[in-house]
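**Q** Quick one: the structure is below, and I'll ask about it shortly.
The values are calculated or read from the model by the stated rules, or taken from the named source; none is laboratory data. Since the model is a prediction, treat every value here as computed from it, not as a measurement. Heads up, the Cβs are rebuilt from the backbone with ideal geometry, glycines too, and the neighbour counts pull from every protein chain shown. Accessible surface areas use protein heavy atoms only, side chains included; no ligands, DNA or RNA. Shrake-Rupley method; radii C 1.70, N 1.55, O 1.52, S 1.80 Å.
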Amino acid sequence: MNRFASSAFLMRVCLSFAMASAIALHATSARAQQIDADQVVNPATQGKPDKPADQQKPPEERPHTYAMPPVDVFGKAPLREDDRIGDYQQPRWTADRLFSETRVYVIPKGKVEFEYWFRPTTDRDGSTDTQTMYEVEFGLPGRIQLDFYVVGHKTDLSGAFSVSEQKAEMRWALADWGKIWGNPTIYLEWTTVDSAHDLFEGKLLLGGNITSGWHWGSNVVWEHELGGAQENSNEWTAGISHTVKDSKVDIGVETQLALVNAIEAGGARGDFSKEFLVGPSFQFRPMPQMHIDVAPLFGATHDAARSKIFVVLGYEF
């Protein structure tokens, strides 16, 4: 190849390289301008940018106690049912009834639950009064709980069933859980009875954790009949329960002591009858939102009923 041909070849290579470089530079510049244009926002049309779909806050729903996350108070509890939940930092087990006759604290704010009660009571003479109750519970702010009941009765197997009572109940806890020993809670209840006198009942509710998986409750009760013989019932109930399977099965024992008297024909109050019942208690949770309580109590004194059996089915909405 002569010198002229070599020079021409070298010139063509240089021109090709220069043209390729110019094209690449032009493309890079155009891309940079496009990016800058995309980043420029007209202040006149600027608005709040939409959040990504995974960061948008879903519509707020009423919380369910069985799904509430634990509150960090003393770290994670050994058992799920001992987790602290809700505004009052109460253990999860207090969100549902654990005992038949003994109440503990209040349910968490926002909770709504329905309970069905089946309670046959057999007296010493063999007659049985079967009581059924339909209850709705509401957890309100300020550590307040409201309950409403409709009560029906049936005597023995041949008796007619009739709805003859209505009850309204209010509870107020004095402080958040754990702030006062025993977590004291005031309980007031008014009962209207068809063809009979109304009843008023006041209670002091106490309860707490003995240790992880062991729970206790105790109530001091005064019930007064507002007319007629003005019967008074002075009661003390207590219960202790142990977790067999976390959030699934609990077993325990319950007691009920009642001293009952009334105004007799002469206008003076008669002697107290002494009624003491004791028996085991069981709680089963077939689903997180459902609990089933069974407590067969048996009379241990002559004045007490032969047996009083509680079956409670609760469902949280």
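**Q** How many percent of the accessible area of the range 206-317 is carbon or sulfur, using a 1.4 Å probe?
**A** 65
**Q** Which pairs in the list Lys203/Lys248; Lys203/Lys245; Lys111/Lys245; Lys109/Lys154; Lys109/Lys179; Lys167/Lys308 are over 27 Å apart, alpha-carbon to alpha-carbon?
**A** Table pairs above 27 Å Cα-Cα are Lys203/Lys248; Lys203/Lys245; Lys109/Lys154.
**Q** Rg (Å, one decimal) plus Dmax (Å, integer) for the alpha carbons of the range 223-308?
**A** Spelled out, the Cα radius of gyration and Dmax of the range 223-308 are 17.4, 56 Å.
**Q** Hey, can you rank 135-146, 157-168, 220-231 by average C-beta count inside 10 Å, highest first?
**A** So the peptides 135-146, 157-168, 220-231, ranked by packing, come out 135-146, 220-231, 157-168.
**Q** Here's another thing I want to ask about it. Only Lys, Arg, Asp and Glu count, each charged at its Cβ (+1, +1, -1, -1), so figure out the dipole size of the range 190-317 about its Cα centre, rounded to 20 debye.
**A** The dipole magnitude comes to about 540 debye.
**Q** Normalised by the residues of the range 219-281, what does the relative contact order come to in percent, with Cα pairs under 8 Å and at least six apart?
**A** Answer for the range 219-281 is 28 percent.
**Q** Relative contact order of the range 163-317, please, whole-number percent, based on alpha carbon pairs below 8 angstrom and at least 6 residues apart.
**A** 12
**Q** Take the alpha carbon gyration tensor of the range 66-171, find the square roots of its eigenvalues, order them as a ≥ b ≥ c, and report rounded if a/c is under 1.5; if not, report prolate when a/b exceeds b/c, else oblate.
**A** Because a/c hits 1.5 or more and a/b exceeds b/c, the range 66-171 counts as prolate.
**Q** Run the simple label-point estimate for Trp190 and Asp87 please: 7 Å along Cα→C-beta, distance reported in nm.
**A** 2.4
**Q** Under the classification rounded if a/c is under 1.5, otherwise prolate if a/b is larger than b/c and oblate if not, where does the range 131-186 fall, given a ≥ b ≥ c as square roots of the Cα gyration tensor eigenvalues? Don't jump to the answer; show the numbers that get you there.
**A** Details: a/c = 4.97, a/b = 2.88, b/c = 1.72.
Prolate.
**Q** So for each of 197-206, 259-268, 102-111 I average, over its residues, the number of other beta carbons within 10 Å; can you give me the resulting order with the highest mean first?
**A** 102-111, 197-206, 259-268
**Q** Cross-link partners among aspartates and glutamates for Lys274, C-alpha distance below 19 Å, same-chain residues fewer than 8 apart left out?
**A** Answer for Lys274, where 19 Å is the Cα cut-off: Glu101, Asp123, Asp125, Glu201, Glu223, Glu225, Glu231, Glu235, Glu254, Glu264, Asp303, listed by chain and number.
**Q** Compute the distance in nm between two label points, each set 7 Å from the Cα along the Cα-to-Cβ direction, one at Met133 and one at Ala168.
**A** 1.7
**Q** Turning to a different aspect of this structure: Provide the packing ranking of 180-188, 87-95, i.e. peptides ordered by the mean count of other C-beta atoms within 10 Å per residue, highest first.
**A** Highest mean packing first, the order is 87-95, 180-188.
**Q** Relative contact order of the range 80-208, please, whole-number percent, based on alpha carbon pairs below 8 angstrom and at least 6 residues apart.
**A** Once normalised by length, the contact order is 19 percent.
**Q** Also, I was wondering about something else. Using Cα centres only, tell me the gap between the range 248-268 and the range 283-308 in whole Å.
**A** Going from one Cα centre to the other spans 15 Å.
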